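Notes to accompany the following structure.
Just so it is clear, none of the values below were taken in a lab; they were calculated from the coordinates. It should be emphasised that the depicted structure is a prediction, and the values quoted were computed from it without experimental measurement. Reconstructed Cβ throughout: ideal geometry from the backbone, glycine too, with neighbour counts over all protein chains shown.
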Amino acid sequence: MAHSADTCIEVCAAIAFFGHKLLLATRRPGGSLAGKWEFPGGKCAPGETLQACIARELREELAATVTAAVELASLVHVYPDKTVRLHFMLCRLAAVTSMTPQEGQTFAWFEANDIPDLDLAPADRDFIATVAERGVAAQPPAPTDHDAIRAVATPQPLVPVSRQLLDELGAWFRGERQTGLQPSSHKPDWLRVPYVGAAERLEMRRMLAKACLHTVCESAQCPNRSDCWKRRTATFMALGDTCTRNCRFCAVAHGRPLPPDQDEPAHIAASVQTLQLRHVVVTMVTRDDLPDGGADHLAAIVRAIRQTCPDTSVELLVSDFHGRLASVDTILETGLRVFGHNVETVRRLTPQLRSVASFDTSLAVLRHAAAHRRPGTLVKSGLMLGVGETEDEIRQTLRDLRDAGVDIVTLGQYLQPTLEHWPVARMVTPEEFDAWRRFAEDELHFRRAVSGPLVRSSYLAEEALHP
C-alpha cells in the first residue's frame, strides 16, 4: 500500500508483566522481521484510541484481555514516504494463563537478564536501550530490506509521557527492580462515590431477600446503589438473576436460568407499595429460552403494580426480544409510562460487546415502540461511553436514536465490572458528558438527555421524565 509523504501511521506496542517477567512475542510470519522478538501490538484503526487499539491487537494476536492501559512514551521514525509513531503502552492483562497465539507467532515471558541475548526488532531494541540508559543499541544484525529503508529514516528522540513509570521500567531492565510494572487503577475523583446510607442498605437488602426479589443495583454492581437505597428506591430485575446471553460489559451472571417465578409480579407490586414509590423501574435478564422472551411475564408485573399502586408510574427496561415485535406490542399494551431498551454502544462495537444482539435489531425495537406506543408512553435508550468509540460514532448513534423516535437518552461512563470484562478505553470527563447533553437536547431535540459519568439507565429515572 502506497503512502503519501505526510502520512502518519500510529502503532501501539504493549509492555505487560506477569509477576517479574516481561511479555514479548515474535513478529508475525511473512515479513523481513519474522521471528524477531518485539512488544506485541499493531496499527491503530482510523479513529481508534490508543487504549482501544492495544486492547484489540492483543485480543487478536494472543487472545489476551487488556484491563487497563496507559501510554509510557512514543518513538517517531520519519521515512521518505511516511511517518510512523510508535506508542509504548503499559498494560494490565487478565487471565494470562489462557493466552494463545492466534496469528502464527509465539510469545514468552522474560526476566531482565534474558533481554540482551534476544534477537529484537530494531525499534523495540532501540526503545529498550534508551529506557535502560545504555546509550546506544546493541550491534544490529545483518542488513535486511527493512533495515535499508530504516537507514534513510530520520529517528526522533524518545518522547516520554510518564517519566516516573519510564524510570521504573529502566530500573527493571537494568536488574535494579525485581517486580514488574502495572498501570494504576486509580479512578478520577468524579467517579468516587461516598458510602452512605448503611442502615438503609441493610433494611433494603432484608426486604428484597424476604420477597425473593433481585435488583439490577446488586447484580450489575451499580455505583449509585448507596445513593438510591438511601432514598429508598431500587430497580427491580425480573425473570431471575441469570441471563441467557453473555455480553462482555455486563456483570449479571449468565447461564441456564430457572423458569419464571409466577409469584414475582405480586412480590414486586408489594415491594413497590412498601417503598411508596411514585415511579418504579423494572428491568430484566434476557430470556432467549422463552418463546416470547419473557414479555407476558413483564406485562403481568406492570398490571400487578398498577392494580396495587395506581398512582405509581412504571418504566420497563427490556431486552430486544430477539427482534420479536409481537413481544414489544405485549409490553406497549400495558400502557406503561416509559418503554426502555438500550443500544449500549455504537454500531461498530456492538458485535464485540453485545452477545447475540445487533445494532439494527435494537433500532427496530425502538422504532416500533415509538410508532405503536399508547398516548403518554415515552421511549428511552442509553449507551455507555469509554469503550473505544469515537466522537463521530457517538454523534451518529444519537442521531440514529432520535430518528427512531427515542424521547429520552442516557449517557454514562463504562466501568469494568471485573478483569474478565471488556477493558475501559478511557475516562470521559464531566465536561464532555455535559457537551453531549447539550448536543442531544439543543441540536437533536431529545425531550431529555441525562448525561454524566455515573449516569445509568435507571438512576434518577423519575427526574428524567421532566424536560
Which whole-Hz couplings ³J(HN,Hα) result when phi for each residue of segment 59-74 is put into the Karplus expression 6.51 cos²θ - 1.76 cosθ + 1.60, θ = phi - 60°, listed in order with x for Gly and Pro?
5, 6, 7, 10, 6, 9, 10, 8, 9, 6, 8, 10, 7, 8, 6, 10
I need the Kirkwood Rh of segment 225-348: take the reciprocal of the average 1/r across all distinct C-alpha pairs and report it in angstrom.
15.1
Where does each of Val66, Val131, Val11 land when they are ranked from fewest to most other beta-carbon atoms within 10 angstrom?
Val11, Val131, Val66
Between Glu333 and Val356, Cβ-based FRET efficiency (R0 25 Å, step 0.05) works out to 0.45
Step through the residues of segment 119-128 one at a time and calculate ³J(HN,Hα) from phi using the Karplus curve (6.51 cos²θ - 1.76 cosθ + 1.60, θ = phi - 60°), rounding each to whole Hz and writing x for Gly and Pro.
8, 8, 5, x, 5, 5, 4, 5, 4, 4
Cα centroid distance between segment 2-53 and segment 245-305, in Å?
45
Can you list residues whose amide H is under 5 Å from Cys243's amide H, if they're 5+ apart or on another chain and H is modeled 1.01 Å from N?
Ala253, His254, Gly255
Under 5 Å from the placed amide H of Phe249, counting only residues 5+ away or on other chains, we find Trp422
If you stretched the chain out fully between Arg324 and Arg399, how much longer would it get, using 0.36 nm times the residue separation minus the C-alpha to C-alpha distance?
24.6 nm
Computed lengthening from Cys8 to Thr106, 0.36 nm per intervening residue step minus Cα-Cα distance
32.4 nm
For segment 1-126, what are Rg and Dmax over the alpha carbons, in angstrom?
14.3, 43
Ranked by how many other beta carbons lie within 10 Å on average, peptides 73-86, 355-368 from highest
355-368, 73-86
With the crude spin-label approximation of a point 7 Å out along Cα→Cβ, what separation in nm comes out for His466 versus Tyr79?
6.1
For Val161, placing the label point 7 angstrom along Cα-to-beta-carbon and taking segment 68-84, residues whose amide nitrogen sits under 14 Å are 68-76
